[in-house]
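Here is the structure we will look at.
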Amino acid sequence: MKKLLYVAVMALTMGLFASCGPRASIGREPEIDNTNATINGVHYDNTEYACWQFKWEWTEKENGTVTDQDSGVEFMWTTQFEAQKVKAAFDYSHNVGASAYGQSYSLNGTSTLTKTDHNESNCGVE
């Protein structure tokens with residue numbers, strides 16, 4: 001009985017220490033296939049050029065308090081596939097978190113990609 005109690009207490013203690021240790025999270029890296037113009041298995045057009053509006057924003061927090069944030073709008077004259085690669089890279093690199101011993105850090109970002117009716121000469125001109 002003492003052995004069973006000892007094993008149970010040790011398992012509980014190890015569980016508590018494990019839950020207090022360092023943790024990190026990051027989303028799944030996008031799988032980009034340049035030959036087939038796919039991102040995570042979804043095919044995008046890689047032949048027709050268009051003007052794409054890329055809106056983004058991100059917020060950085062330390063211990064739950066916002067320490068920095070930014071947003072912006074960019075325009076790109078490119079194919080849908082190339083524009084989606086930019087979006088996938090942003091979404092992957094701007095969504096991370098980590099915590100260790102009472103300290104935490106997170107970076108949360110969102111982005112949208114919209115095809116505009118602008119042509120090459122006025123892409124990005126409002």
Using the 10 angstrom Cβ neighbour count as an exposure proxy, how do 62, 126 rank, fewest first? 126, 62
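I need the shape label for the range 23-122. Rule: rounded when a/c is under 1.5, else prolate if a/b > b/c, else oblate, with a, b, c from the alpha carbon gyration tensor. Intermediate values should be presented prior to the final figure.
Numbers: a/c = 5.17, a/b = 1.77, b/c = 2.92.
Cα axes put the range 23-122 in the oblate bin.
Values quoted throughout were computed directly from the atomic coordinates according to the rules given, and no laboratory measurement underlies them. Bear in mind the structure is a predicted one, so any value in this text is a computation, not a measurement. Positions of Cβ are backbone-derived with ideal geometry, glycine not excepted, and every protein chain shown enters the neighbour counts.
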